[in-house]
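Visitor: First, the structure itself, so that you have it in front of you.
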There are 4 protein chains.
Amino acid sequence: MVDTQRSAPPSAERMRDAERTRAELLEVATEVFSEQGYSGARVDEIAERTRTTKRMIYYYFGGKEGLYLAVLESAYRRIRETEQGLHADDLTPVEAVRRIAELTFDHHHDHPAFIRLVSVENIHNGQHLGKVEALRDLGTPAASLLDEVLARGRASGELRADVDAVDVHMMISAYCVFQVANSATFGFLFGRDMLAPDVRERHRRILGDIVVAWLSA
Amino acid sequence: MVDTQRSAPPSAERMRDAERTRAELLEVATEVFSEQGYSGARVDEIAERTRTTKRMIYYYFGGKEGLYLAVLESAYRRIRETEQGLHADDLTPVEAVRRIAELTFDHHHDHPAFIRLVSVENIHNGQHLGKVEALRDLGTPAASLLDEVLARGRASGELRADVDAVDVHMMISAYCVFQVANSATFGFLFGRDMLAPDVRERHRRILGDIVVAWLSA
Amino acid sequence: MVDTQRSAPPSAERMRDAERTRAELLEVATEVFSEQGYSGARVDEIAERTRTTKRMIYYYFGGKEGLYLAVLESAYRRIRETEQGLHADDLTPVEAVRRIAELTFDHHHDHPAFIRLVSVENIHNGQHLGKVEALRDLGTPAASLLDEVLARGRASGELRADVDAVDVHMMISAYCVFQVANSATFGFLFGRDMLAPDVRERHRRILGDIVVAWLSA
Amino acid sequence: MVDTQRSAPPSAERMRDAERTRAELLEVATEVFSEQGYSGARVDEIAERTRTTKRMIYYYFGGKEGLYLAVLESAYRRIRETEQGLHADDLTPVEAVRRIAELTFDHHHDHPAFIRLVSVENIHNGQHLGKVEALRDLGTPAASLLDEVLARGRASGELRADVDAVDVHMMISAYCVFQVANSATFGFLFGRDMLAPDVRERHRRILGDIVVAWLSA
DNA sequence: GATGAATGAGTTTTCATTCAT
DNA sequence: TATGAATGAAAACTCATTCAT
């Protein structure tokens, strides 16, 4: 009978199923929260875009907020992992800062959902992020890399010595985040589509110019 | 006609009352929407923070969306008016761009509700702003002023000639918006309170440095 | 001062104005109630379609129900007046019943708002009409006229003697009311537009045929 | 797949519960809409007369209009099914038309809620019925049956040949609908209770007389 | 683990009516 | 009489969450 099968201990397949369900929920929820914001997102919609049901959100994440928290954490984790791939050992300090700026730029353009999620979280004053202690004061790989490069440049005299890595990282982040997070309103006011390939390319180059002009000794 | 003269015209006081009611709703709604986002904002809460009732929101604005639209339009209008006050005629081009950057910086810090509102609107892809045709492609006074200054600098050879005002405005905006809009998450990750007076002051100076370094010929 | 003029006793003009206002409200309300039903009609809409304001509805009629009652009474009164014009003295009884049927038919087609109003009132079980005692058990001129004609026909042997005027009137009314009151659903189910001129003409003739066939001795 | 088999299928009982809930809502809604009209009906009242809650109306029908639509469709469907039972094979054409008229008459008297619902829908110009495409141009079993009988009568020479079934059906419907739909106002004006058994009986006989008189060759 | 049905509290919206001038 | 502003009660509708199986 079906019944006896149902009470069987969790098989490996089943656990893999479970993992898949969780992952799918997380992925869809990331999209929905980044598209509609926290309050705007509907538990029903998230479930509907999934192969499972609403009940699973409660089973795996406890509720809407739990799901959102999991989304936040996984998003930050993933972004950090990607940034781990940044390297600039083989470049001069000046070349390196330009490269870091450009890669960060691409990175933002390629992960709009994450950027939007960050906006959403800021609207709520970071109150949810605050609950994910794991991420506190950890900075980000991009800032660490910048720190190294700035040290090298400071030593060689090629880069100015009076700025710290977080300042530079902030400037770069600000520029890049704006491209994605504010494209709708800025585009509307100035008739400029910041997501268009040619515009994107220009903005990318300009960012490199700014950073190099600023940091060169 | 006798008829129209005979009918008691609404007294000036009553009209002022009406205007006051409208204005109060608008003001409170600006706060609430910027604090909670569009979906998160509650019509009830807006009304409660007011001396009138929820009913008046429907009377004057037609509904939640109408109120939000009015908030958006009035916010942009107000910000633009404030920016009209910017002047830099008496400064050298280099001094002027620094000044503009710094004033823009202050401006953002002093109007966090507006910045947050812009974030909210971007979360919704600018779909509401798109309905306020009055604002389309109008740019902003700060960009116009930059245009003049860049022209002066280009003519005198003090500023580089290959950047346009919108690019500069975008860079400055990005930097300034980030201070306010992303202070929660950035502060959390890097343990830096961007709204603290001393930090603000440093960031302000850095922005000036960046702009000057970038634009100087 | 305007004030002293305002407190002057009602002039003839003013009374005429008042009468006009009342009449306009009544006319518009007749339309709106017949289009949307009693609950569906909006006091606001009635007022807006008028040159006066909502306040006047309360001033003249006490409220929505009072207005509806006034509409009902005036509609019945008007219809009765129009029916007073029916005459059939110069026709043979057979010709006369056909003529009455046909005129009643035209009458219904030409006053759809009234017919719809009657439907509305029936939906509410005639509870409002019941308050207009003036109309109780009064029948209608059409029925009275039929009574005369039937008497003539009975006397001359041309019409059958075993039917009474109310039965005939009911049959004719039923047929005519249906044309207008049920045209939407009947038209939908049978693909027949009962308000189209040629259809109307056929139905009119058929009604005459039915009545004559039925009543001829 | 294992997956689909493993998931516990909704039990037959639960499904029956769901069906019962839906059916109960539909039944109660039919009553309420026919008693109060579309605008006059209250979602709350419908729910209260039920063992479920208002929420279920939205769950199953999407809203008030969806419920009304479902009511309309089910009402027409049911009435059609009942009419399927009409037969007249064993009667002469003349007897048959009388029989059909009388059965239709009874049918109307026995389903006042349906008749009222049709009135309600006509007040709204059939705008909702228009959305239930399934019913368009389908006519009704009564008309089809009439068509057969008329053909028989035409062939045998017992019935006149120049009328079509829809005309006859319309005449009969008009007479019958009026009994129910206009009983309140007609009764008030002529002091005749059309729902009283003896009156009903007389009207029924008269209808038969009319139809036979009209259609006999 | 999974599913469809159900729910209660909340949220937006509407409406007839009244008030102040 | 007339007008725009204001209102409270009620109506429609939504949403995160839980239950029974």
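Visitor: What's the average, rounded to a whole number, of partner chain beta-carbon atoms within 10 Å of each residue's beta-carbon in D:135-148? Don't jump to the answer; show the numbers that get you there.
Guide: Details: counts 3, 4, 6, 4, 3, 2, 0, 0, 2, 0, 0, 0, 0, 0.
Mean number of neighbouring Cβ atoms from other chains: 2.
Visitor: Calculate, for C:SER216 and D:ARG42, the FRET efficiency according to 1/(1 + (r/R0)^6) with r their C-beta to C-beta distance and R0 51 Å; round to the nearest 0.05. Write down the numbers at each step before the final one.
Guide: Numbers: r = 52 Å, r/R0 = 1.01.
My answer for the efficiency is 0.50.
Visitor: Do you know the relative contact order of chain B, to the nearest whole percent, from alpha carbon pairs under 8 angstrom that are 6+ apart? Don't jump to the answer; show the numbers that get you there.
Guide: On the way: 186 pairs, mean separation 47.1, N = 217.
Computed value for chain B: 22 percent relative contact order.
Visitor: Report, ordered by chain and residue number, the aspartates and glutamates lying within cross-link reach of C:LYS54, taken as a straight Cα distance under 17 Å and ignoring same-chain residues fewer than 8 apart.
Guide: C:ASP17, C:GLU19, C:GLU24, C:GLU27, C:GLU31, C:ASP44, C:GLU45, C:GLU65
Visitor: Another question about this same structure. Please determine, in degrees from 0 to 90 and to the nearest 10, the orientation of helix C:165-181 with respect to the longest principal axis defined by the Cα atoms of chain C, where the helix direction is its Cα long axis.
Guide: For helix C:165-181, the angle is close to 60 degrees.
Visitor: Let me ask something else about it. Applying 1/(1 + (r/R0)^6) with R0 = 35 Å to the Cβ-Cβ distance of A:ASP137 and B:ASP110, what FRET efficiency is obtained, to the nearest 0.05?
Guide: On the way: r = 28 Å, r/R0 = 0.81.
E between A:ASP137 and B:ASP110, to the nearest 0.05, is 0.80.
Visitor: Under 8 Å for C-alpha pairs, at least 6 residues apart: give me the relative contact order for segment A:126-196, rounded to a whole percent. Kindly include the intermediate steps, with their values, before the conclusion.
Guide: Numbers: 29 pairs, mean separation 14.2, N = 71.
Relative contact order comes out at 20 percent.
Visitor: Going by Cα centres, segment B:56-135 and segment D:44-75 are how many Å apart?
Guide: Result: 46 Å between the Cα centres.
Visitor: I'd like the interface area for chains B and A: accessible area of each alone minus the complex, both sides summed, 1.4 Å probe, protein heavy atoms only. What is it in Å² to the nearest 100? Numbers along the way, then the final one.
Guide: Working: alone 12560 and 12530 Å², together 20410 Å².
Chains B and A together bury roughly 4700 Å² of accessible area.
Visitor: Can you tell me which of A:LEU25, A:LEU146, A:LEU86 moves the most in a GNM of chain A? Springs connect C-alpha atoms under 10 Å apart.
Guide: Highest fluctuation of the listed residues: A:LEU86.
Visitor: Another one. Can you give me the accessible area per residue for chain C, using a 1.4 Å probe, in Å²?
Guide: Details: 9980 Å² over 217 residues.
Accessible area per residue: 46 Å².
Visitor: For segment A:10-215, with all protein chains present and a 1.4 Å probe, just round the carbon and sulfur fraction of the accessible area to a whole percent.
Guide: Numbers: 4500 of 8970 Å².
Answer for segment A:10-215: carbon and sulfur cover 50 percent of the accessible area.
Visitor: Which semi-axis lengths, in whole Å and largest first, follow from the square roots of five times the eigenvalues of the Cα gyration tensor of chain A?
Guide: Details: eigenvalues 323, 87, 44 Å².
In descending order, the three semi-axes are 40, 21, 15 Å.
Visitor: Measure nothing fancy, just the Cα-based angle from helix D:141-156's long axis to the longest principal axis of chain D, in degrees from 0 to 90, nearest 10.
Guide: Between the helix axis and the principal axis of chain D, the angle is about 20 degrees.
Visitor: For the pair D:TYR60 and D:GLU201, what calculated FRET efficiency results from E = 1/(1 + (r/R0)^6), where r is the Cβ-Cβ distance and R0 = 35 Å, to the nearest 0.05? Write out the running numbers ahead of the final one.
Guide: Values: r = 42 Å, r/R0 = 1.19.
In this case the efficiency is close to 0.25.
Visitor: So how long is each side of segment D:123-182 along the principal axes, counting just the alpha-carbon atoms, biggest first, in Å?
Guide: Sorted largest first, the three principal extents are 43, 28, 16 Å.
Visitor: Taking the full set of protein chains and a 1.4 angstrom probe, give the accessible area of B:VAL28 in square angstrom, rounded to the nearest 10.
Guide: We get 10 Å² for B:VAL28.
Visitor: When N counts the residues of the protein assembly as shown, how does its alpha-carbon radius of gyration compare numerically with 2.2 N^0.38 Å, as a ratio?
Guide: Working: Rg = 39.5 Å, N = 868, 2.2 N^0.38 = 28.8 Å.
Computed over Cα atoms of the protein assembly as shown, the ratio equals 1.37.
Visitor: Can you tell me the relative contact order of segment D:85-173? Whole percent, Cα pairs under 8 Å, sequence separation 6 or more.
Guide: Values: 53 pairs, mean separation 33.8, N = 89.
After rounding, I find 38 percent.
Visitor: Continuing with the same structure: Taking the 0 to 90 degree range and rounding to the nearest ten, how far is the long axis of helix C:12-40 tilted relative to the main principal axis of chain C, both from C-alpha atoms?
Guide: 60 degrees
Visitor: Can I ask one more? Under the rule that an exposed site lies in a DSSP loop and has at most 14 other Cβ atoms within 10 Å, name the longest stretch of chain C with no trypsin sites (Lys or Arg not before Pro) of that kind, not counting the sites themselves.
Guide: Details: sites that count: C:ARG42, C:ARG49, C:ARG51, C:ARG136.
Answer - C:52-135.
Visitor: Moving to a separate point now. With springs connecting C-alpha atoms under 10 Å apart, model chain B as a Gaussian network and identify which of B:ALA47, B:ALA113, B:ALA181 has the largest mean-square fluctuation.
Guide: B:ALA47
The values are calculated or read from the model by the stated rules, or taken from the named source; none is laboratory data. In this text the structure is predicted, and so the values were computed from the model without any measurement. All Cβ positions, even for glycine, are placed from backbone atoms using ideal geometry, and neighbour counts span all protein chains on display. Areas reflect the complete protein model, heavy atoms only, side chains present, ligands, DNA and RNA absent. Shrake-Rupley method; radii C 1.70, N 1.55, O 1.52, S 1.80 Å.
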